[in-house]
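J.: I have a structure I would like to understand better, so I am pasting it below and will then ask my questions one at a time.
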Amino acid sequence: MNKNLYALITGASEGFGRALAIECARRKMNLILVALPETNLHPLADFIKFHHSVDVISIEKDLCKDESCIELFDEVNSSGLQVNMLFNNAGIGSTGLFEEGSISLFENQIKLNVLATTLITRLFLQMLKQNSPSYILNVGSLASYFSLPRKQVYGATKSFIYYFSKSLRKELKKDNVSVSVLCPGGMFTNKEVKLTIEANYFSRVSSMDPEEVVPAAIDGLLRKKAVIIPGMLNKCFLFMDAILPAFIKTALLNNTMKKINARGSLAFLPKRLTVSPVPQSTPKFIPSINS
Ligand SMILES: NC(=O)c1ccc[n+]([C@@H]2O[C@H](COP(=O)([O-])OP(=O)(O)OC[C@H]3O[C@@H](n4cnc5c(N)ncnc54)[C@H](OP(=O)(O)O)[C@@H]3O)[C@@H](O)[C@H]2O)c1
């Protein structure tokens with residue numbers, strides 16, 4: 001363990017971020033964990049310190065707010081902590097018709113998935129360069145590759161992450177800052193995601209536990225891979241997408257979407273929203289579904 005260097009993980013209190021935090025600690029990395037206020041962050045930090053003997057700092061911020069991203073950097077910088085690994089993981093997922101999604105959900109999704117990732121990367125860039133070799137892992141999705149109905153805004157935010165990461169990687173190569181993008185398929189991270197995954201066969205068989213994805217993600221990052229796609233089936237999906245004729249893909253997609261639509265009637269609201277959602281007469285939009 002390098003006593004002076006830290007891995008910073010956003011969205012670390014739950015799901016994939018939590019699994020990332022535990023695996024990084026197992027590999028003896030000091031941690032700065034970031035999540036929304038009043039979450040499981042502090043108990044998780046205590047658990048990790050106790051079991052893995054690394055330094056863990058927890059910082060509560062709503063990263064949908066620009067000023068919170070700036071405060072996060074200022075707090076880290078003024079404490080003299082040095083970051084050489086940045087995991088931009090926090091993200092809001094959703095599945096549902098565009099016309100049924102609330103404005104506040106889309107706003108928060110774009111702010112967290114796109115803006116926070118961009119701002120935090122920009123704010124920490126100088127520090128990452130100074131501490132090189134450094135690593136940035138941006139969490140995208142398999143959805144980065146496809147134009148999926150019912151995942152219009154989410155999929156577009158993840159396509160942003162994909163191209164942003166690949167472009168930045170080229171720029172930062174000379175500075176010894178490696179940028180990777182992780183594109184997982186479904187992960188069984190929370191109950192909303194599990195519900196949607198269960199709705200169709202392909203998701204069910206290809207989805208993975210976050211604990212299975214994490215080693216592939218960190219190994220890929222340390223090996224400086226540009227794009228990390230965990231799981232054999234997810235790789236097969238991309239291969240099939242490249243070779244199958246368009247009419248077969250459309251038929252498969254329509255069939256899958258029909259099943260998700262049927263589940264869509266079991267509507268529920270997101271676990272947490274930082275802005276109240278616009279009331280809807282038929283709340284069929286299902287936030288927190290990521291893949
Ligand atoms: N699950 C999947 O199937 C899947 C598939 C592909 C990609 N992904 C991507 O993987 C990443 C993690 O997803 P997940 O399924 O692990 O999500 P999750 O279980 O909902 O956890 C999200 C994490 O982000 C935090 N967070 C949410 N809003 C925040 C905000 N405004 N400011 C700061 N932190 C915030 C949450 O904190 P709280 O504890 O306060 O909610 C939580 O720690 C996301 O980028 C997602 O798009 C997920």
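The values are calculated or read from the model by the stated rules, or taken from the named source; none is laboratory data. None of the values given here were measured: they were computed from a predicted structure. Cβ: placed from backbone, ideal geometry, glycine included. Neighbour counts: every protein chain shown.
J.: Residue pairs, Cβ under 6 Å, 6 or more apart or interchain, first in segment 14-43 and in contact (Cβ under 8 Å) with a residue 12 or more places away in the chain and within 20 Å of residue 120 (Cα to Cα), second of a type in the set (Asp, Glu) and within 9 Å of the ligand (Cβ to nearest atom). List them.
T.: 36/62; 37/60
J.: Another question about this same structure. For segment 65-88, state whether one or more residues are within 13 Å of the ligand (Cβ to nearest atom), modelled with pLDDT of 95 or more and β-branched (Val, Ile, Thr).
T.: We begin by selecting, within segment 65-88, every residue within 13 Å of the ligand (Cβ to nearest atom); these are 65-69, 71-72, 87-88.
Filter once more, keeping what is modelled with pLDDT of 95 or more: 65-69, 71-72, 87-88.
Okay, now just the ones that are also β-branched (Val, Ile, Thr), so none.
Taking every residue of segment 65-88 in turn, none turns out to be within 13 Å of the ligand (Cβ to nearest atom), modelled with pLDDT of 95 or more and β-branched (Val, Ile, Thr).
J.: Moving on. May I ask you to list the residues in segment 182-208 that are among the β-branched types (Val, Ile, Thr) and either within 17 Å of residue 124 (Cα to Cα) or in a helix (DSSP H, G or I) (or both)?
T.: Residues satisfying the conditions are 193, 196, 197, 205.
J.: Still on this structure, I have one more. Looking at segment 167-182, can you tell me whether even one residue there is buried (at least 17 other Cβ atoms within 10 Å of the Cβ) and either near the ligand (Cβ under 10 Å from one of its atoms) or farther than 26 Å from residue 111 by Cβ (or both)? Give the steps one after another, and end with the answer.
T.: Applying the first criterion (buried (at least 17 other Cβ atoms within 10 Å of the Cβ)) to segment 167-182 yields 168-169, 172, 177-182.
After this cut, where a residue has to be either near the ligand (Cβ under 10 Å from one of its atoms) or farther than 26 Å from residue 111 by Cβ (or both) as well, the list is 178, 182.
Checking segment 167-182: at least one residue is buried (at least 17 other Cβ atoms within 10 Å of the Cβ) and either near the ligand (Cβ under 10 Å from one of its atoms) or farther than 26 Å from residue 111 by Cβ (or both).
J.: Same structure, new question: From the list 113, 84, 77, which residue is under 20 Å from residue 193 (Cβ atoms) and outside any loop (DSSP other than H, G, I, E, B)?
T.: Working: 84 fails: under 20 Å from residue 193 (Cβ atoms); 77 fails: under 20 Å from residue 193 (Cβ atoms).
Sole residue among the options that is under 20 Å from residue 193 (Cβ atoms) and outside any loop (DSSP other than H, G, I, E, B): 113.
J.: Ok, one more. What's the number of the condition residue 124 fails, among (1) more than 9 Å from the ligand (Cβ to nearest atom); (2) closer than 25 Å to residue 186 by Cβ; (3) of a type outside the set (D, E, K, R)?
T.: (2)
J.: State whether the residues of segment 150-162 include one that is within 12 Å of the ligand (Cβ to nearest atom), small (Gly, Ala, Ser), modelled with pLDDT under 95 and crowded, with 17+ Cβ neighbours inside 10 Å.
T.: So far as segment 150-162 goes, no, none of its residues is within 12 Å of the ligand (Cβ to nearest atom), small (Gly, Ala, Ser), modelled with pLDDT under 95 and crowded, with 17+ Cβ neighbours inside 10 Å.
J.: Considering only segment 209-264, give the helices (runs of 4 or more DSSP H) lying wholly within it that have at least 2 residues that are under 19 Å from the mean Cα position of the chain (by Cα) and at pLDDT 85 or above.
T.: In segment 209-264, 210-222, 232-243 are the helices (runs of 4 or more DSSP H) which contain 2 or more residues that are under 19 Å from the mean Cα position of the chain (by Cα) and at pLDDT 85 or above.
J.: Also, I was wondering about something else. Being closer than 18 Å to residue 86 by Cβ and either of a type outside the set (A, V, I, L, M) or part of a strand (DSSP E or B) (or both) is the filter here, so list the residues in segment 35-45 that pass it.
T.: 35
J.: Hey, another quick one. Report, by residue number, each residue of segment 20-50 that is surrounded by fewer than 24 Cβ atoms within 10 Å (Cβ to Cβ) and either closer than 19 Å to residue 113 by Cα or β-branched (Val, Ile, Thr) (or both).
T.: 22, 36, 37, 39, 48, listed by residue number.
J.: Mind telling me which of the residues 9, 22, 32, 48 ends up being within 15 Å of the ligand (Cβ to nearest atom), under 19 Å from residue 111 (Cβ atoms) and not in a loop (DSSP other than H, G, I, E, B)?
T.: From the options 9, 22, 32, 48, the qualifying one is 9.
J.: If you go through segment 97-111 one residue at a time, do you hit one that is of a type in the set (S, T, N, Q), under 19 Å from residue 30 (Cβ atoms) and surrounded by fewer than 18 Cβ atoms within 10 Å (Cβ to Cβ)?
T.: No, because not a single residue in segment 97-111 is of a type in the set (S, T, N, Q), under 19 Å from residue 30 (Cβ atoms) and surrounded by fewer than 18 Cβ atoms within 10 Å (Cβ to Cβ).
J.: Follow-up. Could you tell me whether segment 136-144 includes any residue that is buried (at least 19 other Cβ atoms within 10 Å of the Cβ), assigned to a helix (DSSP H, G or I) and over 15 Å from the mean Cα position of the chain (by Cα)?
T.: No, because not a single residue in segment 136-144 is buried (at least 19 other Cβ atoms within 10 Å of the Cβ), assigned to a helix (DSSP H, G or I) and over 15 Å from the mean Cα position of the chain (by Cα).
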